[in-house]
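Data first, discussion second: the structure below is written as structure tokens.
Read-outs: derived from the displayed coordinates by stated rules, not from any lab. In this text the structure is predicted, and so the values were computed from the model without any measurement. Every residue, glycine among them, receives a Cβ derived from its backbone with ideal geometry; neighbour counts consider all protein chains shown.
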Amino acid sequence: MHISSVIFSALFLVVTTWKGCGDKSTSASAKQGEWVQLFNGKNLDGWDIKIAGFDLNDNYKNTFSVKDGYITVNYDGYQNFDQHYGHLFYKKSFSHYRLRVEYRFIGEQCPGGEGWALRNSGVMLHGQTAASMMRDQDFPISLEGQLLGGDGVHERHTSNLCTPGTNVFYKGKFETAHCLDSSSKTYHGDQWVTAEFLVLGDSLIQHILEGQVVMEYTKPTIGDGVVNNYDPKVKIDGKPLTSGTISLQSESHPVQFRKVEIMDLSANYK
């Protein structure tokens, strides 16, 4: 499908479904065009955990848990972060969809966390599976919708793009920078923020805040973005990213997610 047709169809669908859809607390096999809750508000059923330095589903120091009905990333049991980057993977992969998360940063950064990781987390799109990650791999090969909280003083955009093991076309050009800044405003404090992502295979990805597109790119591929200790058999440079997993990130600053929901659009793009 020509890119202009993709954009027109996607925007038409966004407008019509946004007005007519309520939240649906059902399974991920719900009908096309319905919002489906990936997080049940009670536990982490349906999710896999992968933390750098540990085996699949070894939830080191209870990094990922559910507290007060929220997915909570915390470091209460850590003495030092020690680059134990972690990700909470939904077990099903998706290709064409809208994803919506509500998040907030809380508390203080874990000792040993990098300076750039202050009030920093992410939603990983089109990612590899948790099971395909190596034991010491830091980030999944994926597209990261980077979530940043303001520090109370400086401008700090959110819903940026980072590219662990990937590349994209941005503003019509092949882009090799690891992170690209969005046009969003800064969200200071511990306020809840709603971030939405429109993902249409490898044709178009948009990051959306308050109804405004703040980041847009096309033609994602596996590539030379920053990722370490990966399996070379998985990292096939140049391969188009047309589908993949969704995961939530642990990067040393406590963060909570109170909603993770998806609208599967794949039937509209067969």
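Here are a few things to note about the model shown:
- Sparse-neighbour loop sites [trypsin sites (Lys or Arg not before Pro); segment 169-216; at most 12 other C-beta within 10 Å; DSSP]: Lys171
- In order along segment 204-217, the Karplus-derived 3J(HN,Hα) couplings, from 6.51 cos²θ - 1.76 cosθ + 1.60 at θ = phi - 60°, round to 7, 10, 10, 9, 10, 10, 6, x, 10, 6, 10, 7, 8, 7 Hz, and Gly and Pro are given as x.
- Cleavage-rule hits, chymotrypsin sites (Phe, Trp or Tyr not before Pro), segment 181-270, DSSP coil, Cβ neighbours within 10 Å at most 14: Trp192
- Taking every Cα-Cα distance in segment 61-106 and sorting them into 5 Å bins starting at zero, the pair-distance distribution P(r) comes out as 5, 14, 22, 23, 18, 11, 5, 2, 0 percent.
- With coordinates expressed along the principal axes, the C-alpha atoms belonging to segment 81-168 extend over 38, 31, 23 Å, beginning with the largest.
- GluC sites (Glu not before Pro) restricted to segment 193-270 and DSSP loop, no more than 14 other C-beta within 10 Å: Glu210
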